[in-house]
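Read through the structure below, which is laid out as structure tokens, and then see the notes.
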Amino acid sequence: MAVRLKTPLSEADVLGLKAGDVVYLSGTIYTARDSAHRKILGLAGRGELPFELDGAVVYHCGPVVRKTGSGYEIVSAGPTTSARMNRYLGGILGLGVRGIIGKGGMSGEPFKGRAVYFAFTGGAGSLAAKSVKRVVDVLWMEELGIPEAVWVLEVEDFPLLVAIDAHGNSLYL
Amino acid sequence: MLVDAIVEAIRLAVTRIPDDVVLALKEAYAGEEGEVARFNLENILKAVEIGRDGSIPVCQDTGTLTFFVRAGVESPYLRGLEGAIFEATRRATEEIPLRPNAVDVMTGKNSGDNTGRFVPVVHWELAEGSEIEIAVLPKGGGSENCSALAMLTPSEGWEGVRRFVLERVRKCGGKPCPPVVLGIGVGGGADQALLLAKKALLRKGEERHPDERIAEIEKEILEEVNALGIGPMGMGGRTTALDVKIEVAHRHPASFPVGLVVQCWASRRAFVEIKPDGRVEVWQ
């Protein structure tokens, strides 16, 4: 099955998806890797997170960017290995995140009943960048550096595969 | 001019996947029937094309730049060569651009230009003659995290090599971005086994080990790895590895070291040759 979805995702959106479905995702997504997860969870714990993650989609990605006159352009932006973020998974989904995009898969249990894991093809960064329409914002760039910063991206019809659904099914062996 | 040539080689490496690798990926696509495996291989082939046509880094992880220099001791261009490699790395980061991937181990601070303590990585080898060859190998983190060393006993021998490699690849599943290329170094000490394994990744697809017995083991391990069924991106399929390359060194009588360097499907490389008269050639 192939469906078009727009962020923020609702509970019904994610419960309606099955492992193997193709989703064309549009809207706003947040990149986050190891350091960003630590920072997000730390700030959220103190009630100081500067953005809302309810219904959000988090992308495990550290992009190649080019500085333009007024901001940044995304050059290449494929997924990074999600398993590194397993230790933060419960925490991040606890903030209301409904979808995670990455590669290589994650622990399936925390997704049950509330969220899905979308796979995009690792290494296909030049293709993924075609779905990124613009950089909405970047957070903690000075502190974390380009790969680890949180890039807020507007995407259009980002082609993703539901690899772990909310019902305990996974495409990973 | 030397710096320009090295920047060009880095650009070639990160934006254009070598022809032999693309051929192997196309064969993999033709051999897969599963929808999911085809989804991933189709994306891979599209990304390769976008990278090539637009001179865009195919993968956002442009890696740790690793250089293997074979330096002719008579070359008049040896002086300042390491400086040129560092300068080219900084310029390539800005111009191509590359993702800055050099992080201080104590502070976690990214240097911003892919240079730092012992980075980029430069391996030197002196040779007779007056030519210099520089190989550029951008190495991504996801696949490198699956690399490993096993200090086997001589009684485990080649059977042990096979078991170690299969177990490691199975355990890593989709993490290193399969279909992977495996570099295996056997013999030497711990350091040499891993170095040989990484260097093996510079060999072209059709290039088998000149020792037929070793070439045979390369083919056997490739078949066994593909029989694991991990498939493209770890979601099942016939292609888990595109190729296996083995290099060997004599070993200590008590040791049987095996270095395994796992390379993602984007098996990137490029070369620069500096001729005795200063002309440079860049190729893949």
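The single residue among B:Ser147, B:Ser143, B:Ser130 that is among the polar types (S, T, N, Q) and away from chain A (no Cβ under 14 Å) turns out to be B:Ser130. The residues of region B:121-141 that are farther than 12 Å from B:Thr64 by Cβ and outside any loop (DSSP other than H, G, I, E, B), listed by number, are B:His123, B:Trp124, B:Glu125, B:Leu126, B:Ala127, B:Ile132, B:Glu133, B:Ile134, B:Ala135. Summed over region A:41-64, residues that are assigned to a helix (DSSP H, G or I) and in contact (Cβ under 8 Å) with a residue 60 or more places away in the chain total 0.
Number of residues in region B:61-80 that are aliphatic (A, V, I, L, M) and open to solvent by 70 Å² or more (accessible area, probe 1.4 Å) equals 1.
Note on region A:66-79: among residues that are in contact (Cβ under 8 Å) with a residue 60 or more places away in the chain and surrounded by fewer than 24 Cβ atoms within 10 Å (Cβ to Cβ), the one that is nearest to A:Tyr24 (Cα to Cα) is A:Glu73.
Looking across region A:1-23, just one residue is closer than 26 Å to A:Ala149 by Cβ, open to solvent by 40 Å² or more (accessible area, probe 1.4 Å) and either free of Cβ contacts under 8 Å to residues at least 40 places away in the same chain or within 14 Å of another protein chain (Cβ to nearest Cβ) (or both), and that is A:Lys6. Of the residues making up region A:82-117, those that are within 16 Å of A:Tyr30 (Cα to Cα) and crowded, with 24+ Cβ neighbours inside 10 Å are A:Ser82, A:Arg98, A:Gly99, A:Ile100, A:Ile101, A:Gly102, A:Lys103, A:Ala115, A:Val116, A:Tyr117.
Inspect all residues belonging to region B:250-258 and state whether any of them is surrounded by fewer than 17 Cβ atoms within 10 Å (Cβ to Cβ), in a strand (DSSP E or B) and in contact (Cβ under 8 Å) with a residue 60 or more places away in the chain. So far as region B:250-258 goes, yes, one or more of its residues are surrounded by fewer than 17 Cβ atoms within 10 Å (Cβ to Cβ), in a strand (DSSP E or B) and in contact (Cβ under 8 Å) with a residue 60 or more places away in the chain.
When A:Val155 is tested against (1) in contact with a helix residue (DSSP H, G or I) (Cβ under 7 Å, 6 or more places away or on another chain); (2) within 11 Å of chain B (Cβ to nearest Cβ); (3) among the β-branched types (Val, Ile, Thr); (4) outside any loop (DSSP other than H, G, I, E, B), just one condition goes unmet, and that condition is (2).
For B:Arg16, the requirement of being modelled with pLDDT of 95 or more, open to solvent by 40 Å² or more (accessible area, probe 1.4 Å) and in contact with a Lys or Arg (Cβ under 6 Å, 6 or more places away or on another chain) is met.
Put simply, of A:Ala119, A:Ala124, A:Ala163 the only residue that is facing chain B (nearest Cβ under 10 Å), of a type in the set (A, V, I, L, M, F, W, C) and more than 21 Å from A:Met1 (Cα to Cα) is A:Ala124. Is there a residue being closer than 16 Å to A:Val65 by Cα, surrounded by 17 or more Cβ atoms within 10 Å (Cβ to Cβ) and polar (S, T, N, Q) anywhere in region B:113-136? Yes.
A quick yes/no check of all residues on (1) within 14 Å of chain A (Cβ to nearest Cβ); (2) open to solvent by 20 Å² or more (accessible area, probe 1.4 Å):
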residue	(1), (2)
B:Ala215	no, no
B:Glu220	no, yes
B:Met233	yes, no
B:Gly237	yes, yes
B:Leu260	no, no
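Residues in region B:53-78 that are within 19 Å of the chain's Cα centre (by Cα) and within 20 Å of B:Ala5 (Cβ to Cβ): 9 in all.
Closer than 15 Å to A:Glu154 by Cα, within 11 Å of chain B (Cβ to nearest Cβ) and in contact with a helix residue (DSSP H, G or I) (Cβ under 8 Å, 6 or more places away or on another chain), is that true of A:Val75? Yes; evaluated as a whole, the condition is true for this residue.
Screening B:Glu42 on (1) within 22 Å of B:Arg16 (Cβ to Cβ); (2) more than 9 Å from every other protein chain (Cβ to nearest Cβ) shows it passes everything except condition (2). From the set of residues in region B:81-112 that are without any contact (Cβ under 8 Å) to a residue 24 or more places away in the chain and among the charged types (D, E, K, R), which is least open to solvent (accessible area, probe 1.4 Å)? Of everything passing the filter in region B:81-112, B:Asp104 is least open to solvent (accessible area, probe 1.4 Å).
The values are calculated or read from the model by the stated rules, or taken from the named source; none is laboratory data. Quick caveat, the model's predicted, so the values are computed rather than measured. All Cβ positions, glycine included, derive from the backbone under ideal geometry; neighbour counts span all protein chains shown. SASA here: full protein model, heavy atoms, side chains in, ligands and nucleic acids out. Shrake-Rupley method; radii C 1.70, N 1.55, O 1.52, S 1.80 Å.
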